Amino acid sequence: MSDTVLRLEHIKKCYGDFTAVHDLSLVVPRGSIYGFLGPNGAGKSTTIRIALSIYEPTSGSIEVLGKPSALEVRERIGYLPEEKGLYRKMKARDVIAYFGQLKGMKRADAKRKAVEMLERYGLGANVDSKCEALSKGMQQKVQVLASIVHSPEFVILDEPFSGLDPVNQEVLEQVIADLAKHGSTIVFSTHVMEHAERLCNRIVLIAKGRKLFDGTIPEAKRTIRRRVILETSANPEQLARLPGVSGVEKTEQANRYEVAVADGARPEEILSACFKGGIELSAFDKNEPSLRDVFLKLVGRADAAEVAA
Amino acid sequence: MKYSFLVALREYLENVKTKGFWIGILLFPVLLVASIAVPRLLDKYAKPTRNFCVIDASGEFIPVIDAGIQADYEKRKSRAAGEYQEKLKGDPNLVAFEAPKPTFRRVEIPEEARDSDPEKTRKNLKPWLTGEKKILVDGKPEELFALVVLPPLELSVSKGTDFWCINLADTALADVMEECLRDELRSRQLVEKGIKKKDIDSINQTTVKFQSKDPKKAAGEEKVSDTEKYRQWAPVVFVYLLFVAIMTVAQMLLSSTIEEKSNRIVEVLLSSVTPWELMLGKLLGVGFVGITMLVAWLGSAFVVLGHFTEQGDDKARIFLHLLVSPGLLLPFVALFLLGYLMYSSVLLAVGSTCNTLKDAQNFMGPVMTVMMVPLLTMISIAQDPNGLLARILTWVPVFTPFVMMNRMAGDPPMLELVGGYALTIASVCISIWFSGRIFQNSILRTGQPPKLLEFLKLARKG
């Protein structure tokens, strides 16, 4: 069995004069939880649709579960699109079972599994409810369950958290964790960094159809320098002379400064220097950069590059 | 194919589970029973005896009119008695014969309306004719249906003879009176010419009745039966059914496609099935819904007509015979399938480009207008199934299924029969291919529906 679940090589997708995806290559390793991150309109959904062979790429090649087309292995893939919907007049159980059957399950097995899943994820009382009678959050849960009822080895969830309240977001995180525990490889797209940071072990960051980063989360965080954030009404420029500090920059927020710290340097020494130097602090943040910081930095850089171009 | 079958099964089950589908199914036999039984019941119980008055300036013609009305009633009574005797053969326990109600009854002009001047009498009768006042018949107030005004009659009764009535549609009374007055005046003239009254009555009994014969039939069997006369018109009923059935199921397909598109289900489906598999599944599923509907309609028609046939209804017997005749039933089923595939694939393509039913309705206008043509021409084609109109429309692919059905009574030439079917099959293949390309390229499309020319571009895209 190959270690690669999805391989995209030099994918390009054009709609007339508009290029939605530029020369995108990536590899999704088996067993990973892989985040597709990017702002709205970045090309995440187009890339996902190409990966699923719903769209043909303008150029480039794909390999899904060892095959050149996802349709050849469709029964081994689960997919939840960004724009979600259900047959309004069908019962929750039936709609999940129908999508299970389309993925190769036998009718009786699909129905049984649908009931099991609805009960497991808190919809046991709605097994026979028509979809139109369910709340929006419940409908979204049913859609998620419909996409994974056949226990796929590769699951693609496009913006699965959008529109869910915090309670249902937790349920969905549980669903993803359960899938990973059973060995499924999961790709999900989001522009909410906190979900990606909590769940993913690899991410790809896309903006304006181009790949900006592909790797693990620690690797992503290393793309921006270590820093300490200070909030003070005094001038902290003197800190730049400390060993292990490569510079002090004022941020866009009033009285906030970013102190660049070299690898191996200790932030506590900066705090100590502040006390000794009479720099009165109202805030001191030595936490490592979040994925959100990485995102803003990389996407901002991509925007700047486009403006320059 | 497995995936198409699953899509088809869902389409079928979801459509046949709806209340609307079953109401449509059950409404058909109800309407059929109503169309046979209601006119009968109305004729028997609800149709009133028409009361009329006569202003006869000469005073000579009232006995003639009374005799004419009586003769007409006797004729109806005799026909009803004949039908009763026929029914009695099939059902010896039939209730006793009940003579029909008189259709027309002459009543005297009400006292308060009478005047020595006929014109004033006529004017005075206006409140009775407009329903403001009632006349008394055997002590009961009833409506005055009509007033007949007869001037002194000579050779012609065309001038000054008026029939006053607010019901413009029912001319039966006027017809009966015209006939009896015409016979009376002719008789008088013949008497003046020296012919004896007895001879005139005898001559008036002379009738001519054509026996229709078909030169295409074998010698000795040329006689045209009632069944064959009705058969000439039966295709019209089948064309109408074809239209209703195709329209009903094609609309189902359109709304189900738009539901999948507007509810964003289609993208999940496309991760499991190809656009072609999806389209084929939908065509098959809804096609079977149509077949179920037709089987239910034909089955219920069979039961209803069988029931009325047992009751001795001649027309029901003839229609039952026509219903089960392979010459009409088989083309009907075949042309339904072909017509359905042609029109529904077009509507499927239209549905795939629209995000809402409102968008689709804009395209439905032209499609419906085109589909009306076979309905507008079905009577003309039934009258002349091998005429120029029928022959031209046979070769217009969008009309061929309907026109071929329409022409079935006329035994069209083999070339046109085979050509018509071949053209329809070819049109269906082209229509499915063309629509499939549009479906494939549009099903995930959002935003404004395409303009007419853009459909061609969508079909050309790979």
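The values are calculated or read from the model by the stated rules, or taken from the named source; none is laboratory data. Everything numeric here is computed off the predicted structure, so don't read it as measured data. Every residue, glycine among them, receives a Cβ derived from its backbone with ideal geometry; neighbour counts consider all protein chains shown. Accessible surface is based on the protein model in full, side chains and every heavy atom, while ligands, DNA and RNA are left aside. Shrake-Rupley method; radii C 1.70, N 1.55, O 1.52, S 1.80 Å.
Just to verify a result, which residue in the range A:58-82, among those that are within 12 Å of chain B (Cβ to nearest Cβ) and charged (D, E, K, R), is most open to solvent (accessible area, probe 1.4 Å)?
A:Glu72
For residues that are touching a Phe, Trp or Tyr at 6+ places or on another chain (Cβ under 9 Å) and either within 16 Å of B:Pro102 (Cα to Cα) or modelled with pLDDT under 85 (or both), scanning just the range B:131-156, find the one that is surrounded by the fewest Cβ atoms within 10 Å (Cβ to Cβ).
B:Glu143
Sort out which residues of the range B:64-88 are open to solvent by 80 Å² or more (accessible area, probe 1.4 Å) and in contact (Cβ under 8 Å) with a residue 60 or more places away in the chain, and write them in order of number.
Residues satisfying the conditions are B:Glu83, B:Glu86.
Can B:Arg460 be described as basic (Lys, Arg) and within 21 Å of the chain's Cα centre (by Cα)?
On the way: basic (Lys, Arg): yes; within 21 Å of the chain's Cα centre (by Cα): no.
So B:Arg460 does not fit the description; no.
In the list A:Gln101, A:Gln139, which residue meets the criterion of being closer than 25 Å to A:Asn40 by Cα, within 11 Å of chain B (Cβ to nearest Cβ), of a type outside the set (Lys, Arg) and assigned to a helix (DSSP H, G or I)?
Working: A:Gln101 fails: closer than 25 Å to A:Asn40 by Cα.
On inspection, the qualifying residue turns out to be A:Gln139.
Which ones in the range A:177-222 are more than 12 Å from the chain's Cα centre (by Cα) and hydrophobic (A, V, I, L, M, F, W, C)?
Result: A:Ala177, A:Leu179, A:Ala180, A:Ala207, A:Leu212, A:Phe213, A:Ala220.
Looking at (1) within 14 Å of chain A (Cβ to nearest Cβ); (2) open to solvent by less than 30 Å² (accessible area, probe 1.4 Å), can you tell me which one B:Val289 breaks?
(1)
Give me the pairs, please: first residue somewhere in the range B:38-63 and assigned to a helix (DSSP H, G or I), second residue anywhere and at pLDDT 80 or above, beta-carbon distance under 6 Å, and either six or more positions apart or on two chains.
Listed pairs, sorted by first residue: B:Ile62/B:Val54; B:Ile62/B:Asp56.
Would you check which residues across the range A:113-127 are crowded, with 16+ Cβ neighbours inside 10 Å and assigned to a helix (DSSP H, G or I) and list them? If you could, list the steps in order and put the result at the bottom.
First, the residues of the range A:113-127 that are crowded, with 16+ Cβ neighbours inside 10 Å: A:113-115, A:117-118, A:121, A:123, A:126-127.
Residues satisfying the conditions are A:Lys113, A:Ala114, A:Val115, A:Met117, A:Leu118, A:Asn126.
Given the structure, is A:Val228 touching a Lys or Arg at 6+ places or on another chain (Cβ under 9 Å) and surrounded by 13 or more Cβ atoms within 10 Å (Cβ to Cβ)? Walk me through it before giving the result.
Working: touching a Lys or Arg at 6+ places or on another chain (Cβ under 9 Å): yes; surrounded by 13 or more Cβ atoms within 10 Å (Cβ to Cβ): yes.
Against the criterion (touching a Lys or Arg at 6+ places or on another chain (Cβ under 9 Å) and surrounded by 13 or more Cβ atoms within 10 Å (Cβ to Cβ)), A:Val228 qualifies.
May I ask you to list pairs of residues, at least six apart or on different chains, whose Cβ atoms are under 7 Å apart, with the first in the range B:237-263 being within 14 Å of chain A (Cβ to nearest Cβ) and the second being among the β-branched types (Val, Ile, Thr) and open to solvent by 20 Å² or more (accessible area, probe 1.4 Å)?
Listed by first residue and then by second, the contacts come to B:Ile258/B:Thr356; B:Ser262/B:Thr356.
Among (1) within 14 Å of chain A (Cβ to nearest Cβ); (2) within 27 Å of B:Ile23 (Cβ to Cβ); (3) not hydroxyl-bearing (Ser, Thr, Tyr), there is one condition B:Glu277 misses while meeting the rest; what is its number?
Tallying (1) within 14 Å of chain A (Cβ to nearest Cβ); (2) within 27 Å of B:Ile23 (Cβ to Cβ); (3) not hydroxyl-bearing (Ser, Thr, Tyr), B:Glu277 fails exactly one: (2).
Quick test of your reading of the structure: A:Pro243 fulfils all but one of (1) assigned to a loop (DSSP other than H, G, I, E, B); (2) crowded, with 18+ Cβ neighbours inside 10 Å. Name the failing condition by number.
Only one criterion is unmet by A:Pro243, namely (2).
Looking at (1) open to solvent by 30 Å² or more (accessible area, probe 1.4 Å); (2) within 12 Å of chain A (Cβ to nearest Cβ), find the lone condition where B:Leu269 falls short.
Going through (1) open to solvent by 30 Å² or more (accessible area, probe 1.4 Å); (2) within 12 Å of chain A (Cβ to nearest Cβ) one by one, B:Leu269 breaks only (1).
Filter the range B:18-49 for residues that are open to solvent by less than 40 Å² (accessible area, probe 1.4 Å) and more than 17 Å from the chain's Cα centre (by Cα); which is farthest from the other protein chains (Cβ to nearest Cβ)?
B:Thr49
Scan the range B:343-363 residue by residue and report those that are part of a helix (DSSP H, G or I), of a type outside the set (Lys, Arg) and open to solvent by 10 Å² or more (accessible area, probe 1.4 Å).
Applying the first criterion (part of a helix (DSSP H, G or I)) to the range B:343-363 yields B:343-353, B:357-363.
Now narrow it down to the ones that are of a type outside the set (Lys, Arg): B:343-353, B:357, B:359-363.
Residues satisfying the conditions are B:Tyr343, B:Val346, B:Val350, B:Leu357, B:Asp359, B:Gln361, B:Asn362, B:Phe363.
Would you mind finding the one in B:Ser202, B:Ser187 that is without any contact (Cβ under 8 Å) to a residue 40 or more places away in the chain, of a type in the set (Ser, Thr, Tyr) and open to solvent by less than 50 Å² (accessible area, probe 1.4 Å)?
Answer to the check: B:Ser187.
Would you confirm whether or not the range B:406-423 contains a residue that is of a type in the set (Lys, Arg) and farther than 30 Å from A:Ile48 by Cβ?
yes
Among the numbered criteria (1) among the small types (Gly, Ala, Ser); (2) within 13 Å of chain B (Cβ to nearest Cβ); (3) surrounded by fewer than 20 Cβ atoms within 10 Å (Cβ to Cβ); (4) assigned to a helix (DSSP H, G or I), which one does A:Gly85 miss?
It is condition (4) that A:Gly85 fails.
Counting only residues that are closer than 15 Å to A:Lys91 by Cα, surrounded by 24 or more Cβ atoms within 10 Å (Cβ to Cβ) and among the small types (Gly, Ala, Ser), how many does the range A:130-162 have?
Number of matching residues: 1.
Filter the range B:434-456 for residues that are within 13 Å of chain A (Cβ to nearest Cβ) and assigned to a loop (DSSP other than H, G, I, E, B) and give the result.
Those that are within 13 Å of chain A (Cβ to nearest Cβ) and assigned to a loop (DSSP other than H, G, I, E, B): B:Ile443, B:Leu444, B:Arg445, B:Thr446, B:Gly447.
With the requirement that a residue be over 14 Å from B:Met408 (Cα atoms) and either at pLDDT below 85 or out of contact with any Leu (no Cβ under 8 Å at 6 or more places or on another chain) (or both), what does the range B:367-387 give you?
Listed by number, the residues that qualify are B:Val367, B:Met368, B:Thr369, B:Val370, B:Met371, B:Met372, B:Leu375, B:Leu376.
Return yes or no: is B:Val373 of a type outside the set (Ser, Thr, Tyr) and either under 30 Å from B:Lys19 (Cβ atoms) or open to solvent by less than 30 Å² (accessible area, probe 1.4 Å) (or both)?
no
Quick check on my filter: what residues within the range B:406-430 are modelled with pLDDT of 85 or more and either among the charged types (D, E, K, R) or more than 30 Å from B:Gln383 (Cβ to Cβ) (or both)?
B:Arg407, B:Glu416, B:Cys429, B:Ile430
Of all residues in the range A:136-175 being in contact (Cβ under 8 Å) with a residue 24 or more places away in the chain and among the acidic types (Asp, Glu), which is farthest from A:His191 (Cα to Cα)?
Per the criteria, the residue is A:Glu153.
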